[in-house]
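Below you'll find the structure, written out as structure tokens, and then a few comments.
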Amino acid sequence: MPAFLNDEQHWQRLREHLEAFERRIEDGFAVDAQTREERLQARTREWAQAIEEERPESLIEVLCFTLGEELYAIETRHVAAALPLPQFTPLPGTPPFVLGIVGVRGHIVSVLDLRVFFQLPIEGLSDKNYLVVLRSADMEFGLLADRIRGIEQLRRDSLQSELANLTGIRARYLLGVTLDQKTVLDGARLLGDPDLLVRDEE
């Protein structure tokens, strides 16, 4: 006699397979209350971390520029302009780190030479130098730069704030150093230092 199933037998066999499959699913996912709670907490921590990473306050936007052989950055919220270095005028009686003054958009801005300020090797200027103008409610000045490298975002908690090779005045104005060795300057501290204010002594 042929071993063919009739319709009723076929559907019965299908229901049995479906029930067995459902039992395997239940057995595979059935865990005790403590394990289920631990998994829930771990998943919650992962979600919280993902949300934290996406929060704007965990990131800072910086303008990157080179000076000599070193790469610097400063938060864009302190930057009013970045432009080719205009013709500057030396100003007698100012500290050595003041390169001079320039006219920017109708007003006078002093130019600070970080090479002198941070005691870095000094090379001659060229027509390819740039000026990064920093501005706050109380102060405005420009920083000499060799090249502008662009804008990028950094994770605030990735900055290393204490390095053995950064001491003295460089450490004083340091916000942090990135893993790829960008020195991120503290714009608020620079703009808040009255010693950097160039006064007309005439």
Restricting to the range 84-95, count the residues that are surrounded by fewer than 16 Cβ atoms within 10 Å (Cβ to Cβ) and either at pLDDT 95 or above or over 29 Å from the mean Cα position of the chain (by Cα) (or both). 6
From the list L99, L114, L134, which one is at pLDDT below 90 and surrounded by 13 or more Cβ atoms within 10 Å (Cβ to Cβ)? L114
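Residue-by-condition table, conditions (1) at pLDDT below 95; (2) crowded, with 16+ Cβ neighbours inside 10 Å; (3) in a loop (DSSP other than H, G, I, E, B):
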position: E123; (1), (2), (3): yes, no, yes
position: D157; (1), (2), (3): yes, no, no
position: L163; (1), (2), (3): yes, no, yes
position: L166; (1), (2), (3): yes, yes, yes
position: A171; (1), (2), (3): yes, no, no
position: T183; (1), (2), (3): yes, yes, no
Could you please tell me which pairs satisfy a Cβ distance under 6 Å, a separation of 6+ or placement on different chains, a first residue in the range 180-194 that is under 19 Å from S158 (Cβ atoms), and a second residue that is surrounded by fewer than 18 Cβ atoms within 10 Å (Cβ to Cβ) and of a type outside the set (A, V, I, L, M)? none
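Restricting attention to the range 109-116, does a residue exist that is in a loop (DSSP other than H, G, I, E, B) and either closer than 24 Å to T183 by Cβ or in contact (Cβ under 8 Å) with a residue 60 or more places away in the chain (or both)?
Here is the first cut: in the range 109-116, the residues in a loop (DSSP other than H, G, I, E, B) are 113.
Keeping just the survivors that are either closer than 24 Å to T183 by Cβ or in contact (Cβ under 8 Å) with a residue 60 or more places away in the chain (or both) gives 113.
Yes, the range 109-116 contains a residue that is in a loop (DSSP other than H, G, I, E, B) and either closer than 24 Å to T183 by Cβ or in contact (Cβ under 8 Å) with a residue 60 or more places away in the chain (or both).
Could we say that A80 is closer than 21 Å to D186 by Cβ, in a strand (DSSP E or B) and small (G, A, S) here?
On the way: closer than 21 Å to D186 by Cβ: yes; in a strand (DSSP E or B): yes; small (G, A, S): yes.
Yes; evaluated as a whole, the condition is true for this residue.
Among what's in the range 97-127 and is of a type outside the set (A, V, I, L, M, F, W, C) and within 26 Å of the chain's Cα centre (by Cα), pick the residue that is farthest from I74 (Cα to Cα). Give the derivation first.
Looking only at the range 97-127, we keep the residues that are of a type outside the set (A, V, I, L, M, F, W, C), and these are 100, 103, 105-107, 110, 113, 115, 119, 121, 123-124, 126-127.
Going one step further and asking which of them are within 26 Å of the chain's Cα centre (by Cα), we end up with 113, 115, 119.
Working: D113: 15, R115: 16, Q119: 19 Å.
Ranking the qualifying residues of the range 97-127, first place goes to Q119.
The values are calculated or read from the model by the stated rules, or taken from the named source; none is laboratory data. It should be emphasised that the depicted structure is a prediction, and the values quoted were computed from it without experimental measurement. In this analysis, Cβ positions are derived from the backbone assuming ideal geometry, glycine residues included, and neighbour counts consider all displayed protein chains.
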